[in-house]
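Read-outs: derived from the displayed coordinates by stated rules, not from any lab. What you see is a predicted model, and the numbers here were worked out from it, not measured in a lab. Neighbour counts run over all protein chains shown; Cβ positions are idealised from the backbone, glycine included.
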Amino acid sequence: MTQTTPNFSISLALTIIFVLALLAGFTMRLWLSTRQIRHVAKFRTSVPTAFSKNIALSAHQKAADYTIAKMCFGLVELAVGTAMVLCWTLLGGLSALNQGLISLLGFGIVQQAALLTVFVVIASLIDIPFTIYQTFVIEDRFGFNKVTLKLWLTDLIKSGLVSASIGVPLISSIVWMMGATGEWWWLWTWGVWMGFNLILMLVYPTWIAPLFNKFKPLENQELGLQVTALMQRCGFAAQGLFVMDGSKRSSHANAYFTGFGASKRVVFYDTLLSKLTTNEVKAVLAHELGHFKHKHIVKRMASLFVASLLGFALLGYLKTQVWFYTGLGVQPNLNAANDALALILFLLVLPMFGFFITPLAARLSRQNEFEADAYAVSHTNGADLASALLKMYEDNASTLTPDPFYARFHYSHPPASERLARISV
């Protein structure tokens, strides 16, 4: 790293800002979550008037209980996640791990790649108990979980092998570029990172996704003809229509587009096809086509490109500053590279500050959903879209009575009442 004299005042200022941001984020998340829990519980006893003809009280109460259970569990995750950030930074966890690997491997790219890899592995191991509880306790309690322990372990092993085969070379390449491509390393690294994401979008549908699920061509010829006609009217071409065996893991229903360019394909969960009529499936698909028509996907990708470029540029500056490390409780290597340390610290701290722009991103996403709904209504029947959404809300146990503040801050999709009101206009 650049040999700069540690500035105690800047380092202390960063420590204070870091602690304040961590506490502010924790407090805000706690406040919003408790508001959501109280609000959902308050309106649990009766179905909102707008939904009383379509949603049974038992379904409404199940959605409320499911939402509350997830929110309470989320508070535990919040506490542990906040504690882990402190442990890695100001309490010396990352410094200890770095020094331990230096003692074992010495300085160099091997040690730095190992630091990133071990950090990711530890974080993944810490997350496993939460995933187990979410899957085998909460999802199981409400009748959504269909995955067996054997399948869950198989998925864990497969995902670990895929992550290792892709992640280790990528991590090693990024660390090498950070130290070998000069002052403008961040620009070259950003280019490689973006190229990797684009390639992943191409190969994921045909090479990675089939490792975890079976994808069969859509056998319902009537639905296939109507969906194809809809896509042609909308000027959309896909490689094929596929059905995914989502029911072997969960009873939640969904449909999505995946891939990029010539590899685009439409995927329906088998659970979705079993619950919706042909016209309702078409309406849901038309909604997804609306995202493409309004270029929401392209705009999000462009935003990701710009944000990641700015992030890499900022990291390019911070990694040469001693106060960046010491202010976050990490002792840098004064006579060796700190690329892996800088990257990990950046990834730990960035979400804390990014959290405060969450409402802006959520609002933009909700606006996109309204636009996609309007497109669907213009190309299919609005009543079919409304009935499909109601079925999906009910089947997925999505609460119909979210807290307004929580929804404005976190919801990427509009609350059911707002969404259906727009569709029925």
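Details
- FRET efficiency, 1/(1 + (r/R0)^6) with R0 41 Å, evaluated for Thr277 and Ser173 via beta carbons: 0.25
- Charged side chains reduced to their Cβ positions (Lys and Arg at +1, Asp and Glu at -1) give the chain a dipole of some 620 debye around its Cα centre.
- Computed lengthening from Val76 to Phe305, 0.36 nm per intervening residue step minus Cα-Cα distance: 79.1 nm
- Span per principal axis, largest first, for the Cα atoms of region 330-425 (Å): 67, 29, 23
- Selected from Ala64, Thr117, Asn254, residue furthest toward positive end of dipole (the chain; charges at beta carbon): Ala64
- Anisotropy class of region 1-158 from Cα gyration tensor, a/c 1.5 cut: oblate
- The gain in end-to-end length when the Leu91 to Leu202 segment is fully stretched comes to 35.8 nm, 0.36 nm per residue minus the alpha carbon separation.
- Helix-only arithmetic for the chain: the sum of -39500 (n - 2.57) across DSSP H runs with n ≥ 4, divided by the residue total, places the mean residue ellipticity at 222 nm at -23000 deg cm²/dmol.
- Note that region 384-394 has calculated 3J(HN,Hα) couplings of 5, 5, 4, 5, 5, 5, 4, 5, 6, 4, 5 Hz, one per residue in order, obtained from phi through the Karplus relation 6.51 cos²θ - 1.76 cosθ + 1.60 (θ = phi - 60°); glycine and proline are x.
- Three-way shape label, region 1-88, alpha-carbon gyration tensor, a/c 1.5: prolate
- Neighbourhood charge, 11 Å Cβ-Cβ cut-off, centred on Met84 and excluding it, Lys, Arg +1 and Asp, Glu -1: -2
- Along the axis of the charge dipole computed for the chain (Cβ charges of +1 for Lys and Arg, -1 for Asp and Glu, origin at the Cα centre), the listed residues Gly74, Thr206, Val85 are led at the positive end by Gly74.
- Whole-Å distance, taken between Cα centres, linking region 153-202 and region 77-122: 19
- Cα lying deepest toward the dipole's positive end in the chain, options Ala361, Gly191, Ser163, charges on Cβ: Ala361
- For region 124-131, the Karplus equation 6.51 cos²θ - 1.76 cosθ + 1.60, evaluated at θ = phi - 60°, returns couplings of 5, 5, 5, 6, 4, x, 5, 5 Hz by residue, with Gly and Pro reported as x.
- Matching label, Rg and Dmax of the Cα atoms in Å computed from the structure shown, candidates (1) 22.9, 75; (2) 23.9, 72; (3) 25.4, 82: (2)
- Net charge contributed by nearby residues that have their C-beta within less than 14 Å of Lys319 (K/R +1, D/E -1): -2
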